[in-house]
1. Val272 - would you say it is among the hydrophobic types (A, V, I, L, M, F, W, C), over 14 Å from Gly169 (Cβ atoms) and part of a loop (DSSP other than H, G, I, E, B)?
2. Might you check whether a residue that is in a strand (DSSP E or B), of a type outside the set (Ser, Thr, Tyr), touching a Leu at 6+ places or on another chain (Cβ under 8 Å) and at pLDDT 95 or above occurs anywhere in segment 295-307?
3. Within the bounds of segment 217-236, is there any residue that is without any contact (Cβ under 8 Å) to a residue 24 or more places away in the chain, in contact with a strand residue (DSSP E or B) (Cβ under 7 Å, 6 or more places away or on another chain), in a helix (DSSP H, G or I) and over 17 Å from Gly125 (Cα atoms)?
4. Sort out which residues of segment 9-34 are in contact (Cβ under 8 Å) with a residue 60 or more places away in the chain and either in a loop (DSSP other than H, G, I, E, B) or exposed (fewer than 13 other Cβ atoms within 10 Å of the Cβ) (or both), and write them in order of number.
5. In segment 35-46, what count of residues is obtained for those that are over 19 Å from Ala69 (Cα atoms) and either assigned to a loop (DSSP other than H, G, I, E, B) or of a type in the set (Asp, Glu) (or both)?
6. In segment 248-284, what count of residues is obtained for those that are hydrophobic (A, V, I, L, M, F, W, C) and under 25 Å from Gly157 (Cα atoms)?
7. Could we say that Val6 is closer than 17 Å to Ala75 by Cα and open to solvent by less than 20 Å² (accessible area, probe 1.4 Å) here?
8. Just to confirm my filter: which helices (runs of 4 or more DSSP H) fall fully inside segment 58-173 and include at least 2 residues that are in contact (Cβ under 8 Å) with a residue 12 or more places away in the chain and either over 30 Å from Arg317 (Cα atoms) or open to solvent by 40 Å² or more (accessible area, probe 1.4 Å) (or both)?
Amino acid sequence: MPRRPVAAFAIAPWAFGGVFPADLVTRLRHLVDIDPATTFTSFEGPSAAAVLARADILLTGWGCPRIDATVLEAAPRLRALVHAAGTVKTSVDPVVFERGLLVSTAAEANAVPVADYTMAMLVLGAKQVFGRARRYATAVEGGPVDWLSGDGTGLHGCTVGVIGASRVGRLVLRRLREFDVEVLLYDPYLTAAEASRLGAEAVGMDDLCRRSDLVTVHAPALPETRHMLDGRRLDLLPDGATVINTARGALIDTEALTRLCATGRISAVLDVTDPEPLPPGHPLFGLPNVLITPHLAGAQGREMRRLGEFAVAEVSRFLSGTPLLGRVQPEQLPYIA
């Protein structure tokens with residue numbers, strides 16, 4: 001009788017129930033032997049060693065410890081890592097690929113809520129909702145009623161600059177097709193023809209900044225992308241522009257952004273910051289034209305189930321020999337978010 005595949009969870013307990021609710025665990029147990037009562041956030045100790053020694057598949061997520069040569073030595077049967085979250089950059093050592101393991105990520109599923117958040121903020125940013133709402137809340141009887149003015153607002157007819165044709169960037173580009181907007185795209189890895197197929201005009205970064213009413217950032221954090229929106233480029237933005245960042249905080253020079261937003265010349269929506277979190281009392285928190293959210297654009301609450309569904313489907317594909325939809329190639333590891 002053939003041996004049933006064995007899998008193990010390496011995911012923080014706070015995330016486990018949302019990503020793998022009971023029905024998904026039941027579906028998973030039809031595919032593999034797995035103990036839902038055991039989830040590892042450390043691979044040290046005898047209990048982890050006993051599970052690793054038998055595991056063919058690791059189902060990982062937020063809170064997963066780094067998988068390196070030491071872990072692989074303790075897991076001689078391991079053939080696949082299925083990550084029920086976004087990036088694997090911090091949890092997967094390159095040695096994993098050298099040993100021939102397959103790696104999959106649910107980044108495609110996690111990109112959906114980020115793109116939805118981005119679109120919501122593009123609509124709200126184009127209406128200058130944040131500053132206007134603050135003025136509305138602080139208006140006094142007999143005072144100015146400029147909170148009523150909608151001159152020059154609205155997404156219709158805007159120019160939207162998208163930085164990075166990543167998973168999220170491409171979903172945003174697809175959603176923007178439903179709006180009457182001009183779309184500019186900066187991505188040094190795409191040709192003009194490829195950008196056109198995505199519904200955008202390929203432009204340089206400086207040109208994008210000069211022409212865009214709204215700029216949304218979807219690039220990975222790399223040494224060469226640090227502060228890609230620096231003071232010089234932020235100064236290129238037209239008056240009234242809004243910058244939205246759901247990617248990585250270090251892509252924007254926080255000091256320069258603070259300076260410009262404080263003048264009221266541009267606005268910002270930041271789901272990520274540099275540093276993250278910002279220190280209490282940071283000037284950005286007090287600006288009426290800036291909205292800062294605590295890195296919540298990705299899967300949250302009911303959305304987390306999507307990650308588990310993707311991961312369970314990947315396990316099924318792996319066991320049947322079907323190509324993995326979320327497979328990460330070794331050459332991609334340095335460049336993913």
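The values are calculated or read from the model by the stated rules, or taken from the named source; none is laboratory data. Quick caveat: nothing in here was measured; it's all calculated off a predicted structure. Cβ coordinates were reconstructed from backbone atoms using ideal geometry, including for glycine residues, and neighbour counts include every protein chain displayed. Ligands, DNA and RNA are excluded from the accessible area calculation, which covers all protein heavy atoms including side chains. Shrake-Rupley method; radii C 1.70, N 1.55, O 1.52, S 1.80 Å.
1. Details: among the hydrophobic types (A, V, I, L, M, F, W, C): yes; over 14 Å from Gly169 (Cβ atoms): yes; part of a loop (DSSP other than H, G, I, E, B): yes.
In short, yes.
2. Here is the first cut: in segment 295-307, the ones in a strand (DSSP E or B) are none.
No, segment 295-307 has no match at all.
3. In the first step, residues of segment 217-236 are kept if they are without any contact (Cβ under 8 Å) to a residue 24 or more places away in the chain; the result is 223-224, 232.
After this cut, where a residue has to be in contact with a strand residue (DSSP E or B) (Cβ under 7 Å, 6 or more places away or on another chain) as well, the list is none.
Scanning segment 217-236 turns up no residue that is without any contact (Cβ under 8 Å) to a residue 24 or more places away in the chain, in contact with a strand residue (DSSP E or B) (Cβ under 7 Å, 6 or more places away or on another chain), in a helix (DSSP H, G or I) and over 17 Å from Gly125 (Cα atoms).
4. Looking only at segment 9-34, we keep the residues that are in contact (Cβ under 8 Å) with a residue 60 or more places away in the chain, and these are 11, 15, 18-21, 24, 27-28, 31-32.
Within segment 9-34, Ile11, Phe20, Pro21, Leu31, Val32 meet the criteria.
5. Filtering segment 35-46 for residues over 19 Å from Ala69 (Cα atoms) gives 35-39.
Next, only the ones that are either assigned to a loop (DSSP other than H, G, I, E, B) or of a type in the set (Asp, Glu) (or both) stay: 35-38.
Count: 4.
6. Step one: of segment 248-284, the residues hydrophobic (A, V, I, L, M, F, W, C) are 250-252, 256-257, 260-262, 266, 268-270, 272, 278, 284.
Now narrow it down to the ones that are under 25 Å from Gly157 (Cα atoms): 260-261, 266, 268-270.
Result for segment 248-284: 6.
7. Numbers: closer than 17 Å to Ala75 by Cα: yes; open to solvent by less than 20 Å² (accessible area, probe 1.4 Å): yes.
Yes: the conditions hold for Val6.
8. Values: elements: 69-73, 95-98, 107-126, 129-138.
Ranges flagged: 107-126, 129-138.
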